[in-house]
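*Asks:* Got a structure for you, questions after.
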Amino acid sequence: MSARLWPVLAVLALWQAATAAALLPPFVLPPPLQVFETLWHERGLIGQHALTTLAETGAGLLIGTALGVTLALATSLAPRLERLIGPLLAGAQALPVFVLAPVLTLWLGYGLGPKVAMVALLVVFPVASGLRDGLATTPEPVLDLARIARASKLRTLIWLRLPHALPQGAAGLRIAVTYAPTGAVIGEWVGASQGLGYLMLMANARMRTDLMFAALLVILALTLALNRLTDRTLARAGL
Amino acid sequence: MTAAISGQVWLGERPLLRALDLHLQPGWTCLLGASGAGKSTLLRLIAGLPVAARLDGTRQAPERIGWMAQGDLLQPRLSVLANLRLMARLRGETLPRARAEELLAAVGLAGRGTDRPETLSGGERQRLALARVLADDTALVALDEPFSALDAPTRAAMQDLAAACLVGKTMLMVTHEPTEALRLGHRVLLLDGAALHEIPPLPGPRPVPLDDPQLAQAAAGLLARMRAA
């Protein structure tokens, strides 16, 4: 067994012991075995809601990454745009995007839209600023090659700046992927009829703490799986 | 004459070069000087690269210039072949496959086209950088201490290879190595006191063999002069 699993098992054992000793009532903290049991019994229900959250996360990630890359490339090619958008990007970094969830719901309704937008907003800033920083920090001696060749901005971008910036863009994407499922869930909290966030709220209202924890576990698993997938894909690309 | 530069070069209020009048002919011109004397600045001025200094005079140089820097400037995310083609890509030109293979073979990297630069040794990397300059096929090549980061045997081998591959072109090379300047230089210049001083070159073909007794003697004399400067 992997050595990394031991701490997890230890926490689960402590958790089980605490609930068995009746330190906390089950509606506050259900025993882990009960959570796993619920996870199994309600797998159809949970799976259906998980699919919704996964779809929102996936769509948001794709849109956010595409937007972030486009923004970074555009600001690199057009310094005037950079002066315009640069401070905005820096400012947006300071804004916790989650506070926009009610506004997005107001604008985009209760469907998938606001959740996808939430995830995309969470993704676009780390990707754009990571890639932008990378594009702006190509070493001067490397840029000398472009000057010697009298290369156009576009050719310099494609052959020198972008390859140099990819690792920083990838680092931005790694950060973004960690937040993405959380973005979808928070979007669902604000207003939804599907998704793991919605399921958590429903379970909470009905005192089904076991179901809430089961949904929580699935969110955790989803986040870990997405991180893993991103890491592997990027590693295969040498990033 | 391939290129020329004349006038004065100023770094703020300080003159880096007074009464500069340099005409470059085919063959190697090696430029020696203490750190901060302005030899790299002069090289960059001729190559048309940005410098902190200001030229108060005229510059005449071809449109196409080759460039070899102290670092190999290989792009880690591009293959050996793509690195060889880099200057052509930047110029919006194409380098035919056959020519690329020929150049790789010329610098001893035949069959390494699909490898990544990280798999090359220090000497191989600099040989690829040389092949990139050859692929660019320019009449004038500017070299800024291209071999200074290499170990002594590799450096000597690179000097031999560069001398053989670049025959017929005009080279201006900045170096801080008197031996290197004397081995390669058809003309050797010492930048000192804001002026260029001609150092008599060694007789015979280039590169001067390392075991040539005149080389060691002339290098020692040149070093003494540089220390006194």
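*Asks:* Cβ-Cβ distance below 7 Å, separation of 6 or more or different chains: which pairs start in the stretch A:186-203 with a residue that is free of Cβ contacts under 8 Å to residues at least 60 places away in the same chain and end on one that is in a helix (DSSP H, G or I)?
*Replies:* Taking only residues 6 or more apart or on different chains, the pairs are A:Met200/A:Met212; A:Met200/A:Ala215; A:Met200/A:Leu216; A:Leu201/A:Trp189; A:Ala203/A:Leu211; A:Ala203/A:Met212; A:Ala203/A:Ala215.
*Asks:* In the list A:Leu222, A:Leu201, A:Leu211, A:Leu234, which residue meets the criterion of being aliphatic (A, V, I, L, M), under 19 Å from the mean Cα position of the chain (by Cα), away from chain B (no Cβ under 14 Å) and within 29 Å of A:Leu100 (Cβ to Cβ)?
*Replies:* A:Leu222
*Asks:* Given the criteria aliphatic (A, V, I, L, M) and over 30 Å from A:Leu131 (Cα atoms), does A:Leu226 qualify?
*Replies:* Spelling it out, it is not the case that A:Leu226 is aliphatic (A, V, I, L, M) and over 30 Å from A:Leu131 (Cα atoms).
*Asks:* Next question. If you go through the stretch B:90-137, how many residues are among the basic types (Lys, Arg) and closer than 17 Å to B:Gly66 by Cβ?
*Replies:* 4
*Asks:* Assuming B:Ala195 fulfils every condition listed in (1) surrounded by 14 or more Cβ atoms within 10 Å (Cβ to Cβ); (2) in contact with a strand residue (DSSP E or B) (Cβ under 7 Å, 6 or more places away or on another chain); (3) in contact (Cβ under 8 Å) with a residue 24 or more places away in the chain apart from one, which condition is it?
*Replies:* (1)
*Asks:* Right, next: Name the residue that is nearest to A:Arg161 (Cα to Cα), counting only residues in the stretch B:84-111 that are more than 10 Å from chain A (Cβ to nearest Cβ) and crowded, with 18+ Cβ neighbours inside 10 Å.
*Replies:* The selected residue is B:Leu84.
*Asks:* Oh, and also: Return the residues of the stretch A:160-204 that are at positive phi and assigned to a helix (DSSP H, G or I); say none if nothing qualifies.
*Replies:* Listed by number, the list is empty, since nothing qualifies.
*Asks:* Continuing with the same structure: Looking only at the stretch B:65-83, count how many residues are assigned to a loop (DSSP other than H, G, I, E, B) and either surrounded by fewer than 14 Cβ atoms within 10 Å (Cβ to Cβ) or more than 9 Å from every other protein chain (Cβ to nearest Cβ) (or both).
*Replies:* Going through the stretch B:65-83 one residue at a time, the tally reaches 4.
*Asks:* Which of (1) crowded, with 19+ Cβ neighbours inside 10 Å; (2) farther than 26 Å from B:Leu130 by Cα is the odd one out, the single condition B:Glu145 does not satisfy?
*Replies:* Going through (1) crowded, with 19+ Cβ neighbours inside 10 Å; (2) farther than 26 Å from B:Leu130 by Cα one by one, B:Glu145 breaks only (2).
*Asks:* Then there's this: Just to be sure I understand, how many residues within the stretch A:145-159 are facing another protein chain (nearest Cβ under 7 Å), assigned to a helix (DSSP H, G or I) and of a type in the set (A, V, I, L, M, F, W, C)?
*Replies:* Selection size over the stretch A:145-159: 4.
Readers should treat all values here as calculations from the given coordinates under stated rules, not as data from a laboratory. Computed from a predicted structure; not experimentally measured. As a convention, Cβ positions derive from the backbone with ideal geometry for all residues, glycine included, and neighbour counts pool all protein chains shown.
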